[in-house]
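Readers should treat all values here as calculations from the given coordinates under stated rules, not as data from a laboratory. Note that the structure is predicted; figures quoted are calculated from it, not measured. Please note: Cβ atoms are built from the backbone with ideal geometry, for glycine as well, and neighbour counts cover all protein chains shown.
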Amino acid sequence: MLSSATDSLGLLQQIFGYDSFRGQQQAIIEHVAEGGDALVLMPTGGGKSLCYQIPALMREGTGVVVSPLIALMQDQVDALLELGVRAAYLNSSQDWQTAREVERAFLAGELDLLYVAPERLLTDRCLDLLSRGKVGLFAIDEAHCVSQWGHDFRPEYLQLSMLSERWPAVPRIALTATATTATRHEIVQRLALTDAREFVSSFDRPNIRYRIVEKNEVRRQLLRFIEDEHAGECGIVYCLSRARVEETADFLCNHGIPALPYHAGLSAAVRSENQARFLREDGLVMVATIAFGMGIDKPDVRFVAHIDLPKSVEGYYQETGRAGRDGLPADAWLAYGLQDVVQQRRMIDESPGEDLFKRRLQGHLDAMLGLCETVNCRRQRLLAYFDQQIGPCGNCDTCLEPPEAWDGTVAAQKILSAVYRLWRERGQRFGAGHLIDILRGKLTERVQQHGHENLSVFGVGADLSEQAWRGVLRQLLAQGLLCVDTEGYGTLALTEGSRAVLKGETTLMLRREPEKKSRGSRSTGARRKPELESLPEEARARFEALRAWRAEVARSHGVPAYVIFHDATLREIALACPQSLEDLAQISGVGVRKREAYGEELLRCVRN
Ligand code: ADP
Ligand code: ZN
């Protein structure tokens, strides 16, 4: 290691080039450096890696990092090597000689950090290797993989508790961005971390702006969002199915937005190729199922869009957390509509499995719907889900453009009585569209065929638009005041809660959706400009030049651009216009090694 510093702050400044710690980083680092066990809960992008990288540099021996992310180890190690940290990895993607060389370096005490996949770590050969060398600490990354309920479950993680038996004197630090109390308990228990100190950070990511819009033509809405606010920038679009991933990626490409698909149905080769391109190239959009993203530490993802309703708040928060790791402004954008609620309620009902399991899924969905329908601050609601309290944030759609609440009791009664009347004709499948036609008094073929123009509710809802009715219907479903009856051919049906509304015993406050606006006239409160446009013109030219230079260097080193410098760092250089190496040292993200390697070139780049 090339630093003269031995204390945590000195290492942060010299090696990583940052001037101060974030949140609890320093407390965690010192606790582990002194030999304590730790459980670290920090949001995605919060800065977990430093919490084990710096103690590994402070302690004698090698920091062994257990991580399930084989495909990303190479990039992680490259990033450390660029900083002058002696790092390597052992996993199945390597050939035999390379692995031998890594083993030799470890035994010779030449490594600060060694990344290992859990299945590799648990082999006799690897355990034996670690016993013969000197381990300074164990870091267990993505520790929630030990949770059998989570979607990232890895059976090998269950065996990691043996580390404490075999190396009782070596500190262990487990890290995750999954924060519910249940998961936390599970990690402590299964990894034998009962004596570990817990560090729970604020889960707030203030630079991410949360927005949830009503879905109508979702692909067009998505296209417009990207074109208007994130032209030329990097982002992730999440969908629930493979087919939807493919069709959305095609759609974007056909409209001039470079996009790649990623889902479990693609071959491993295509997936890793697409992932590598996303990490290495500027301005690509990844359209993916939730199979994509764990451990992706690309710092300049400017937006995460969901075009299908996520299944839980936890998942949603992890996925959106992949935006804006560099701390610059970023967007989390979700489009959601009536069909999402119907579909997901139905999927849960029809899923095989026990009632307890279904109730769990139902609970997750209800929390997600609560977030979508809230008239209060989104961030407040999100953080409350992780038991953290804050005031209104000022950086979400409901803070920036507060929605109106209106008394929807009468409208709800109209819908519920229509549902009640149709319910008697069970055996027919009447969807939401038909119901709304009846309420609005539309004489469609279907209406006439069933004589529904004779129902007493026919035409009682002509005062509201179709879009407004869909909003009411969706909110009733979201609140459990209506349900999808799966036995009755997916017809809408009343619930226990409907009765009180029908009888007028409760008042129902609903969220008013802004009526659809034409492209020219829509409001702009929650929208933003692409990052680049927010720089003054001169700085913008410098920033472009710096990016071009970085792309060249990254290509010749075979690493992603952000491994050389983050956008945030280039931005700061473009703005500050440094004249000397001393000036450069003041820039966040320029450590000793990078200043030596790239300082002169950076100065030249800025001068021109
Ligand atoms: P996590 O693993 O928690 O998702 P990372 O460890 O990848 O987050 O850190 C997120 C980003 O923040 C990285 O780009 C990292 O370099 C940066 N970062 C971490 N700590 C600091 C700090 N103290 N000052 C400035 N940037 C930091
Ligand atoms: Zn808010």
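Calculate the length of the line joining the C-alpha centroid of segment 210-276 to that of segment 84-117, in whole Å. So the separation of the two Cα centres works out to 36 Å. Can you give the percent of C-alpha pairs in segment 535-607 whose distance is more than 16 Å? When all Cα pairs of segment 535-607 are counted, 41 percent exceed 16 Å. Neighbour counts of other Cβ atoms within 10 Å put T491, T248, T181 in the fewest-to-most order T181, T491, T248. Phi angles across segment 369-376 convert, under the Karplus curve 6.51 cos²θ - 1.76 cosθ + 1.60 with θ = phi - 60°, into 3J(HN,Hα) values of 5, x, 5, 5, 9, 5, 9, 9 Hz, Gly and Pro given as x.
The label point for Q159 and the one for R604, both projected 7 Å from the Cα toward the Cβ, are 5.2 nm apart.
Taking every alpha-carbon pair within segment 77-130, the share separated by more than 18 Å comes to 28 percent. For segment 405-513, the extents of the C-alpha atoms along the principal axes are 37, 31, 22 Å, listed from largest to smallest.
For segment 224-241, 3J(HN,Hα) computed residue by residue from phi via the Karplus equation (6.51, -1.76, 1.60; θ = phi - 60°) reads 5, 4, 5, 4, 6, 10, 9, 4, x, 9, 8, x, 10, 10, 9, 10, 8, 10 Hz, glycine and proline entered as x.
When R607, R440, R542 are sorted by how many other C-beta atoms sit within 10 angstrom of their C-beta, beginning with the fewest, the order is R607, R440, R542.
Put the Cα centre of segment 336-410 next to the Cα centre of segment 551-583 and the gap is 41 Å. Each residue of segment 50-56 was assigned a 3J(HN,Hα) from its phi angle through the Karplus expression (A = 6.51, B = -1.76, C = 1.60, θ = phi - 60°), giving 4, 5, 10, 5, 5, x, 4 Hz with x at Gly and Pro.
Around the amide H of V65, modelled in the peptide plane, lie the amide H atoms of L114, Y115, V116, A139, all under 5 Å away and 5 or more residues distant in sequence or on another chain. Close amide H pairs (under 5 Å, H built 1.01 Å from N) link A38 with R172, I173, A174, R197, residues at least 5 positions away or on another chain.
Once the Cα atoms are used to define both axes, helix 181-190 deviates from the longest principal axis of the chain by about 40 degrees. Our compactness index for the chain, the C-alpha radius of gyration over the empirical 2.2 N^0.38 Å, is 1.07.
Rounded to the nearest 10 degrees, the inclination of helix 567-576 to the longest alpha-carbon principal axis of the chain is 70 degrees.
Normalised by residue number, the volume inside the convex hull of the Cα atoms of segment 193-346 is 143 Å³ per residue. The amide H of V135, built 1.01 Å from its N in the peptide plane, has T62 as neighbours under 5 Å, considering only residues 5 or more places off or on other chains. Pairwise Cα distances in segment 261-338 exceed 23 Å for 20 percent of all pairs. Loop-located GluC sites (Glu not before Pro) across segment 292-356 with a Cβ neighbour count of 16 or fewer within 10 Å are E354, with loop assigned by DSSP. Here the sum of -39500 (n - 2.57) over DSSP H runs of 4 or more residues, divided by the residues of the chain, equals -13000 deg cm²/dmol at 222 nm, to the nearest 500. Of the cross-linked pairs K358/K442; K48/K594; K358/K414; K311/K594, those separated by over 32 Å at the C-alpha level are K358/K442; K311/K594. Find out how many positive minus negative residues lie around A87, taking Lys and Arg as positive, Asp and Glu as negative, among other residues whose Cβ is under 11 Å from that of A87. In short, -3.
For the pair E217 and Q388 in one chain, pulling the backbone fully straight at 0.36 nm per residue adds 58.1 nm over the alpha carbon distance. Residues R359, R190 in ascending order of nearby Cβ atoms (within 10 Å, fewest first): R359, R190.
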